[in-house]
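Novice: Would you mind keeping the following structure in view while I ask a few things?
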Amino acid sequence: MSEEKEPETFDTINGEVTLQRLLARAIKTEIESAETYRTLLEKDLPEETKQKIEKLVAQEEEHEDNFSSIFDDFFPEDEIPLPERSDIEVMSEIPQDATPQQLIEKALETERESEKFYSDLVGEFEDREVRRLMGYLAANEREHYEILKEELTKLG
């Protein structure tokens, strides 16, 4: 009986996640997150909630730009190998007629999953700057989670 291997999310060298693939996934995650929040902005939301979601879109876009710059610093000759998907739950998996509450609940799951992903990767790298980057990413995802949680409570 042969075991099926799960497909690897990243290219690896000696069993370790490569920084190049990690940054590409982080960029893709930021792109998908911004799309998620843009979808949420299409819903009927209180003005205060819309303003917070608009800030999240801007933060995700800024993070994408930052990660692209970091990628260019580390790999100036390479094109960013964006994966088809980030492997984090995405909003396209919920129906178009989803309520704002359902969208925020899905976004909460996504932020939690992203935080765990980055937290788990802190131990995968020896380089202090890369470890700091992973911690920074995890903290950002936690912050987004808390903002969304507060907005979900307001929507009742």
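The values are calculated or read from the model by the stated rules, or taken from the named source; none is laboratory data. These numbers were taken from a predicted model, which means no experiment stands behind them. All Cβ positions, glycine included, derive from the backbone under ideal geometry; neighbour counts span all protein chains shown.
Novice: Could you go through the range 104-125 and let me know if any residue there is surrounded by fewer than 15 Cβ atoms within 10 Å (Cβ to Cβ) and either of a type in the set (Phe, Trp, Tyr) or in contact with a Pro (Cβ under 9 Å, 6 or more places away or on another chain) (or both).
Specialist: Among the residues of the range 104-125, not one is surrounded by fewer than 15 Cβ atoms within 10 Å (Cβ to Cβ) and either of a type in the set (Phe, Trp, Tyr) or in contact with a Pro (Cβ under 9 Å, 6 or more places away or on another chain) (or both), which makes the answer no.
Novice: Please identify the pairs in which a residue from the range 126-140 that is at pLDDT 80 or above has its Cβ atom under 6 Å from the Cβ atom of a residue that is among the hydrophobic types (A, V, I, L, M, F, W, C) and in a loop (DSSP other than H, G, I, E, B), counting only partners at least 6 apart or on another chain.
Specialist: That search, which allows pairs on different chains as well, returns 131/125.
Novice: Further, regarding this structure: Please work out if residue 80 is of a type in the set (A, V, I, L, M, F, W, C), over 12 Å from the mean Cα position of the chain (by Cα), surrounded by 14 or more Cβ atoms within 10 Å (Cβ to Cβ) and assigned to a helix (DSSP H, G or I).
Specialist: Working: of a type in the set (A, V, I, L, M, F, W, C): yes; over 12 Å from the mean Cα position of the chain (by Cα): yes; surrounded by 14 or more Cβ atoms within 10 Å (Cβ to Cβ): yes; assigned to a helix (DSSP H, G or I): no.
No; evaluated as a whole, the condition is false for this residue.
Quick grid of which residues meet (1) in contact with a helix residue (DSSP H, G or I) (Cβ under 6 Å, 6 or more places away or on another chain); (2) surrounded by 21 or more Cβ atoms within 10 Å (Cβ to Cβ); (3) free of Cβ contacts under 8 Å to residues at least 24 places away in the same chain; (4) within 23 Å of residue 129 (Cβ to Cβ):
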{"site": "30", "(1), (2), (3), (4)": "yes, yes, no, yes"}
{"site": "46", "(1), (2), (3), (4)": "no, no, no, no"}
{"site": "76", "(1), (2), (3), (4)": "no, no, yes, yes"}
{"site": "86", "(1), (2), (3), (4)": "yes, yes, no, yes"}
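Novice: Regarding residue 108, is this residue under 19 Å from residue 42 (Cβ atoms) and either part of a helix (DSSP H, G or I) or polar (S, T, N, Q) (or both)?
Specialist: Spelling it out, residue 108 is indeed under 19 Å from residue 42 (Cβ atoms) and either part of a helix (DSSP H, G or I) or polar (S, T, N, Q) (or both).
Novice: Moving to a separate point now. Out of 86, 69, 92, which single residue is modelled with pLDDT under 85, of a type in the set (S, T, N, Q), within 17 Å of residue 28 (Cβ to Cβ) and assigned to a helix (DSSP H, G or I)?
Specialist: 92
Novice: State yes or no: is residue 145 in a helix (DSSP H, G or I), loosely packed, with under 14 Cβ neighbours inside 10 Å, hydroxyl-bearing (Ser, Thr, Tyr) and at pLDDT 85 or above?
Specialist: no
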